[in-house]
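> One structure, as structure tokens, below. Some questions next.
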Amino acid sequence: MSSDKFLDNKSLKKLDRELESIISRIGIDRKTQDEVFDKSTLNTFEKLISDRVIDILDFPISTGKEGNVFRAVTPEKKLVAIKVYRVTTLTFKHISSYIIGDPRFKSLSKNRRDIIYTWTKKEYKNLQRANEIKINVPKPIKTINNVLVMEYLGSANMAAPLMKDVKLKDPKKIFNIIIESISKMYKKADLVHGDISAYNVLMHKNKPYIIDFGQGVLTEHPNSKEFLRRDIHNIVSYFKKLNIIADENKIFQKITNM
Ligand SMILES: Nc1ncnc2c1ncn2[C@@H]1O[C@H](COP(=O)(O)OP(=O)(O)O)[C@@H](O)[C@H]1O
Ligand SMILES: [Mg+2]
């Protein structure tokens, strides 16, 4: 037996002990650990703790196809949100179609882990760009490997709800803010989100916050116009059900003609 393939009992036990000790320090349960945390993700959490970015994981806010979002507490007792992309079961086709064609990620290795790390960094950078032009998005705080730390949206009791689950008091106003955000992103940050829908907008302090920027692309991406059209379409159709009538072609023209 070659030792790099098959760990002997002794080193296996040592690894197990190491894992247990990291897990108990971080404070997550076994099920979550099995689903989300491979050894390297646990090491990344260790680094976040030793760098004093976070102190402890609070609880999971969301368990998605591609990853999990947790609430965490900083050493200063502030709340943050932590998105962890799952390295083991990430749907892959989806991701590569967005990264291929983005000049910022030309030298992308074929390695799966690298792609996921790059994807996470992409979400971080897209959040930075969106944040710089002052649209409502969670402020990015830190990214390491497949883990992204950002501003937590919500109250002490609960995370901000998805727009699809909220009865909007002033739908026209919310619609206008979202369209204005899409327009500003395009014109001022050369950015297209690519997956805007009522599932990726959180209602926080009566304002819409756009989240989930991993698939966002620059306007020079060959498919950026198609993604922009789809974002506008999703929002226009959603608000149509709330009696807000708008012409998606006109909106598209107005945004792209600058
Ligand atoms: N900054 C945040 N603050 C509070 N909740 C968040 C934050 N970011 C994400 N969430 C919650 O986590 C869920 C998943 O996040 P999202 O970025 O949309 O990932 P995905 O859709 O890929 O699973 C969201 O629907 C939302 O409920
Ligand atoms: Mg989402």
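The values are calculated or read from the model by the stated rules, or taken from the named source; none is laboratory data. None of the values given here were measured: they were computed from a predicted structure. All Cβ positions, even for glycine, are placed from backbone atoms using ideal geometry, and neighbour counts span all protein chains on display.
> So which pairs qualify, if the first residue must be in segment 41-68 and within 14 Å of LYS83 (Cα to Cα) and more than 11 Å from ligand 1 (Cβ to nearest atom), the second must be assigned to a helix (DSSP H, G or I) and at pLDDT 90 or above, the Cβ gap must be under 6 Å, and the two must be at least 6 apart or on different chains?
That search, which allows pairs on different chains as well, returns ILE54/LEU48.
> Only one of (1) under 19 Å from THR118 (Cβ atoms); (2) within 16 Å of ligand 2 (Cβ to nearest atom); (3) crowded, with 18+ Cβ neighbours inside 10 Å is not met by VAL87, so which one is it?
Every listed condition holds for VAL87 apart from (2).
> Out of segment 185-202, which residues are surrounded by fewer than 18 Cβ atoms within 10 Å (Cβ to Cβ) and either within 20 Å of GLU123 (Cβ to Cβ) or within 12 Å of ligand 2 (Cβ to nearest atom) (or both)?
Scanning segment 185-202 gives LYS188, ASP190, TYR199.
> Right, next: Please state which one of ILE174, ILE255 is touching a residue at least 12 places away in the same chain (Cβ under 8 Å) and either within 15 Å of ligand 2 (Cβ to nearest atom) or in contact with a strand residue (DSSP E or B) (Cβ under 7 Å, 6 or more places away or on another chain) (or both).
Being touching a residue at least 12 places away in the same chain (Cβ under 8 Å) and either within 15 Å of ligand 2 (Cβ to nearest atom) or in contact with a strand residue (DSSP E or B) (Cβ under 7 Å, 6 or more places away or on another chain) (or both) holds for just one of ILE174, ILE255, which is ILE174.
> Among the residues of segment 203-215, are any more than 16 Å from ligand 1 (Cβ to nearest atom) and surrounded by 21 or more Cβ atoms within 10 Å (Cβ to Cβ)?
no
> Still on this model: State whether one or more residues within segment 235-250 are outside any strand (DSSP E or B), within 28 Å of GLY154 (Cβ to Cβ) and within 16 Å of ligand 2 (Cβ to nearest atom).
yes
> Let me ask something additional. Please go through (1) touching a residue at least 60 places away in the same chain (Cβ under 8 Å); (2) polar (S, T, N, Q); (3) more than 11 Å from ligand 2 (Cβ to nearest atom) for GLN215 and return the number of the only condition it doesn't satisfy.
Unmet for GLN215, out of (1) touching a residue at least 60 places away in the same chain (Cβ under 8 Å); (2) polar (S, T, N, Q); (3) more than 11 Å from ligand 2 (Cβ to nearest atom): (3).
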